[in-house]
1. Failed condition for ILE148, given (1) within 14 Å of the chain's Cα centre (by Cα); (2) surrounded by fewer than 20 Cβ atoms within 10 Å (Cβ to Cβ); (3) away from the ligand (no atom under 11 Å from the Cβ); (4) not in a strand (DSSP E or B), with all others met?
2. Spot the failing condition for ARG71; the list is (1) within 11 Å of the ligand (Cβ to nearest atom); (2) in contact with a Pro (Cβ under 9 Å, 6 or more places away or on another chain); (3) farther than 23 Å from GLU144 by Cβ; (4) among the charged types (D, E, K, R), and only one is missed.
3. Which members of the stretch 177-209 meet the condition of being modelled with pLDDT under 95 and of a type in the set (D, E, K, R)?
4. Does any residue of the stretch 51-65 turn out to be modelled with pLDDT of 95 or more, surrounded by 17 or more Cβ atoms within 10 Å (Cβ to Cβ), near the ligand (Cβ under 8 Å from one of its atoms) and under 21 Å from the mean Cα position of the chain (by Cα)?
5. Under 6 Å by Cβ, and 6 or more places apart or on different chains, what pairs join a residue from the stretch 23-50 that is assigned by TED's automatic domain parsing to the domain that holds GLY93 with one that is more than 11 Å from the ligand (Cβ to nearest atom) and charged (D, E, K, R)?
6. Given the conditions (1) assigned to a helix (DSSP H, G or I); (2) closer than 24 Å to GLU144 by Cβ; (3) away from the ligand (no atom under 12 Å from the Cβ), which single one is not true for ILE100?
Amino acid sequence: KLSRRLTKILEKIPRGSKLADIGSDHALLPVAAVECGAAVQAVAGEVNPGPYDAAVKQVIESGMTDVISVRKGDGLNVLSAGEADVITIAGMGGSLIAAILDRGIEKLAGVRRLVLQPNVGEDILRRWLHSHGWVLIEEWILEEDGKIYEVLVAEPSDATDLTNEQVYKERTIGDGVRLSADWLFRMGPWLTQSPNPVFHDKWKSEMEKMGHILQSLSRSDLPTAADKASEIRSDIEFIQEVLACLP
Ligand code: SAM
């Protein structure tokens with residue numbers, strides 16, 4: 001059975017897509033996507049031999065070798081131009097996902113949707129999308145086995161009525177807390193609009209991590225430690241205010 005995380009990603013693949021799943025590992029997502037009709041054909045890309053072998057095995061066992069092509073290579077290198085119209089990249093850091101998109105930017109022509117699931121560094125990925133003509137149209141946050149995951153769905157700016165200006169427009173929530181574009185990149189422009197309990201849990205846990213950093217900074221002799229600590233303290237205060245105003 002597909003995990004809740006992969007199920008959410010699967011839900012965001014439009015029916016009949018030509019899918020490329022990069023960093024596919026066991027190729028669970030492309031197999032499930034073809035099975036349910038979300039994809040009519042798929043490429044599973046893997047750079048590492050172990051996961052590549054696992055993907056090959058899975059596709060053979062599923063009897064889908066005619067519609068799923070498993071390819072070994074770095075990022076979008078495994079694709080030819082126009083081959084995929086939906087790309088999924090999941091289970092890696094946001095900066096690695098952004099680097100994969102960046103290195104293969106010419107392969108994004110003709111792609112009408114990206115479904116991305118960064119494990120960390122969501123802000124880096126939102127910024128990359130924003131500065132490369134992709135509009136975040138939806139985002140999701142969910143918890144599974146004690147881990148929290150975000151799923152970002154983006155479409156090319158010429159294919160959606162939404163604009164990045166609207167999505168990242170500074171806004172005021174509650175009684176006057178201003179969410180700047182910078183904070184929207186960090187917390188998520190959609191997640192802050194309709195936060196669920198998992199969103200609250202994520203930011204409580206981020207504040208805990210920041211608390212640990214403050215403790216180690218208080219023992220540090222680095223000349224920048226005091227400045228860094230005051231920056232973190234004001235971030236914590238701000239996050240507390242935001243959580244207090246959100247439902
Ligand atoms: N996408 C699957 C998922 O979400 O369940 C697997 C995630 S797994 C944690 C990350 C996979 O990405 C690994 O199998 C790794 O080999 C692969 N990977 C890392 N960097 C890659 C790259 N530059 N190109 C292709 N695959 C990569």
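1. (4)
2. It is condition (2) that ARG71 fails.
3. The answer is none; no residue qualifies.
4. yes
5. GLY37/ARG15; ALA38/ARG15; GLN41/LYS18
6. (3)
The values are calculated or read from the model by the stated rules, or taken from the named source; none is laboratory data. What you see is a predicted model, and the numbers here were worked out from it, not measured in a lab. Note: ideal-geometry Cβ built from the backbone for every residue, glycine included; neighbour counts use all protein chains shown.
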